[in-house]
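The structure appears right after this line, and notes come after that.
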Amino acid sequence: MQFNDLAAQYRHLKKEIDAGIASVIEGAHFISGPQVEELERELCAYTGRKYCVSTSNGTDALRMPLMAMGVGEGDAVFVPAFTFYASAEVISLCGATPVFVDSDPRTFNLSPDSLREQIDRVKREGKLKPKGVVAVDLFGLPVDFPKVEAICREENLFLLEDAAQGFGGSINGRKACSFGDFSATSFFPAKALGCYGDGGAVFTDDEEMAKLLQSIRVHGKGSFKYENVRLGLNARLDTIQAAILLPKLHAFDEENAHRCRAAARYAERLSGRFQTPYLPEGFSSSFGYYTILTAGAEERAALQARLKEKGIPTMVYYPCPLHLQKVYAPLGYKRGDLPVSEELTDRVLSLPMHGYITDEEIDAVCDALLES
Ligand SMILES: *Cc1c(COP(=O)(O)O)cnc(C)c1O
């Protein structure tokens, strides 16, 4: 059994994907070819955003808005501790300080109450200037943006949605990648919408910011490539990846609906025994990762071993909260500072999930988990 069966997806979309790749090779327009703009247009239409700037990966997509906002030394940027390292790493790369926020125990996303507390603490201490928030849509579920957007407005903070896992989710019909001042997503192969290498995109509704992002994407270019007006990156999406993403985007809603049905089947069988994903009223998840809560690290290890024996792969996203990672030791956090994040890292277990998973596979996973 595959954790994410990319080969099954390729079998379904082979004709379109092969034709797309061939057309890029024949057109020989490998960087910034026409498929890149076509993809950006379609991503705008899909998410409801005005501007899309495709990028070389999700990490650059997160970093570029921070560069555009002039984030730097002395700035505090709030970010959950329970996420992938890149969400915070980009803050540090800009010279700013990540201030870690605890998670909601039901959604696993950043807790608006904890965000409030951390903002107040930073203001009280007076050492750092609160500048922005990176809010992560974990496992496919959008953050409580109505609450987080209100806090950001009140505190005059910019809001960057890390939708690397969020693409396809929504709140009352409003799609992920459309919240806050900027959204960033990743097309890493394992994500719900993935390419065949690295890729990503930034979204915004602000025309000036979109232009700035386009400049940062190509070495801080001015009116043309060899006029350099600021520091930038080489952060373009390859044309070939855009050509691969187009047919995958066209199939996305169907695959997403399949994942949602699969999630419902998992929940039906597992919810009495494990905490299964919680969807607040009006929220929908793209279930890029299907993550349950076990009783604790010991039970989780035993379950993983049992499933592995039966050929069922599982993953732990993520085994260590960021405030306790070695890289952030200089910030002086200790165990107990963000208790929900710490507990989640001991208890989460992600199960096989993708747009082509079969009922038989789901049942096999559940049978193995429920064996006592
Ligand atoms: C995958 C991921 C990223 C980074 O994306 P890359 O394309 O691998 O650079 C950032 N944030 C989160 C939450 C992710 O899951």
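Please determine whether any residue of region 224-233 is without any contact (Cβ under 8 Å) to a residue 60 or more places away in the chain, at positive phi and in a loop (DSSP other than H, G, I, E, B).
No; the residues of region 224-233 include none that is without any contact (Cβ under 8 Å) to a residue 60 or more places away in the chain, at positive phi and in a loop (DSSP other than H, G, I, E, B).
How many of the residues making up region 186-202 are more than 8 Å from the ligand (Cβ to nearest atom), surrounded by 22 or more Cβ atoms within 10 Å (Cβ to Cβ) and of a type outside the set (A, V, I, L, M, F, W, C)?
1
Might you let me know whether region 50-68 holds any residue that is assigned to a loop (DSSP other than H, G, I, E, B), away from the ligand (no atom under 15 Å from the Cβ) and surrounded by 20 or more Cβ atoms within 10 Å (Cβ to Cβ)?
For region 50-68, residues assigned to a loop (DSSP other than H, G, I, E, B), away from the ligand (no atom under 15 Å from the Cβ) and surrounded by 20 or more Cβ atoms within 10 Å (Cβ to Cβ): absent.
What residue, among those in region 159-185 that are touching a Cys at 6+ places or on another chain (Cβ under 8 Å) and of a type in the set (Ser, Thr, Tyr), is nearest to the ligand (Cβ to nearest atom)?
Among those that are touching a Cys at 6+ places or on another chain (Cβ under 8 Å) and of a type in the set (Ser, Thr, Tyr), it is 185.
Looking only at region 133-158, filter to residues that are closer than 19 Å to residue 96 by Cβ and in a loop (DSSP other than H, G, I, E, B); which one of those is farthest from the ligand (Cβ to nearest atom)?
156
Does residue 266 satisfy the condition of being under 30 Å from residue 146 (Cβ atoms), in contact with a helix residue (DSSP H, G or I) (Cβ under 8 Å, 6 or more places away or on another chain) and not in a loop (DSSP other than H, G, I, E, B)?
yes
What is the number of the single condition among (1) modelled with pLDDT of 95 or more; (2) surrounded by fewer than 21 Cβ atoms within 10 Å (Cβ to Cβ); (3) in contact with a helix residue (DSSP H, G or I) (Cβ under 8 Å, 6 or more places away or on another chain) that residue 357 does not meet?
The failed condition is (2).
What residue, among those in region 321-354 that are in a loop (DSSP other than H, G, I, E, B) and touching an Asp or Glu at 6+ places or on another chain (Cβ under 9 Å), is surrounded by the most Cβ atoms within 10 Å (Cβ to Cβ)?
Looking at the filtered set, the residue picked out is 321.
If you scan region 152-170, which residues turn out to be surrounded by fewer than 24 Cβ atoms within 10 Å (Cβ to Cβ) and under 25 Å from residue 4 (Cβ atoms)?
Passing the criteria: only 170.
Taking residue 112 as the residue in question, decide whether it is more than 12 Å from the ligand (Cβ to nearest atom), in contact with a helix residue (DSSP H, G or I) (Cβ under 9 Å, 6 or more places away or on another chain) and closer than 30 Å to residue 278 by Cα.
yes
Out of the residues in region 72-108 that are within 12 Å of the ligand (Cβ to nearest atom), outside any helix (DSSP H, G or I) and of a type outside the set (A, V, I, L, M, F, W, C), which is farthest from residue 319 (Cα to Cα)?
The residue in question is 80.
The values are calculated or read from the model by the stated rules, or taken from the named source; none is laboratory data. Computed from a predicted structure; not experimentally measured. Cβ atoms come from the backbone with ideal geometry, glycine included; neighbour counts cover every protein chain shown.
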